[in-house]
Ligand SMILES: [Zn+2]
Ligand SMILES: [Zn+2]
């Protein structure tokens, strides 16, 4: 499978981040290419990690209750973006974010990606209830 990658130089990539999220690195959001979770710099800081890790590691490496343990620099490379030849996670859309919700039926908690101002129904991965 050939994945068409978006290639940035570091300068272009930083400019793109600034255009989307401003200058506060904690507001930046990246999508994990494996689990699809939108991770923010703030979450990394709260998990005791370096916010800089957010574009190459999934939050699950620091907080087991969220996301997965994917890293862009791991053995398998499924990233669709690269910066100066380094694979990185893709930027998330400014208006989407992941929230962890817990199922009222079986108490399973799971991450969903929500778009600001939109109400959606989610399917519990464990008991398949619609929430
Ligand atoms: Zn992940
Ligand atoms: Zn459930």
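The orientation-averaged projected area of the convex hull spanned by the Cα atoms of region 6-94 comes to 5.2 nm². Within the listed set 118, 43, 64, the Gaussian network model of the chain (springs between alpha-carbon atoms below 10 Å) gives the highest mean-square fluctuation for 118. Each listed q (0.12, 0.27 Å⁻¹) maps to a log10 I(q)/I(0) for region 54-106 from the Debye sum over equal C-alpha point scatterers, namely -0.36, -1.13.
Expressed as a rounded percentage, what relative contact order does region 71-131 have, with Cα pairs under 8 Å and six or more residues apart?
Values: 72 pairs, mean separation 12.6, N = 61.
Worked out over region 71-131, it gives 21 percent.
Remark: relative contact order (the chain) = 22 percent; criterion is Cα-Cα distance under 8 angstrom and separation of 6 or more residues.
Counted over the chain, the DSSP beta bridges are approximately 85% antiparallel.
Cβ neighbours within 10 Å, averaged per peptide: list 8-16, 77-85, 25-33 in order, most packed at the top. If you can, show how the numbers build up before the last one.
On the way: 8-16: 13.2, 77-85: 15.3, 25-33: 21.0.
Most protected by this proxy first, the peptides run 25-33, 77-85, 8-16.
Taking 7 Å steps out from each Cα toward its Cβ at residue 46 and residue 69 produces label points 2.3 nm apart.
No value in this document is a laboratory result; all are computed from the given coordinates. These figures come from a predicted structure and were not determined experimentally. Glycine gets a Cβ as well: all are built from the backbone with ideal geometry, and neighbour counts include every protein chain shown.
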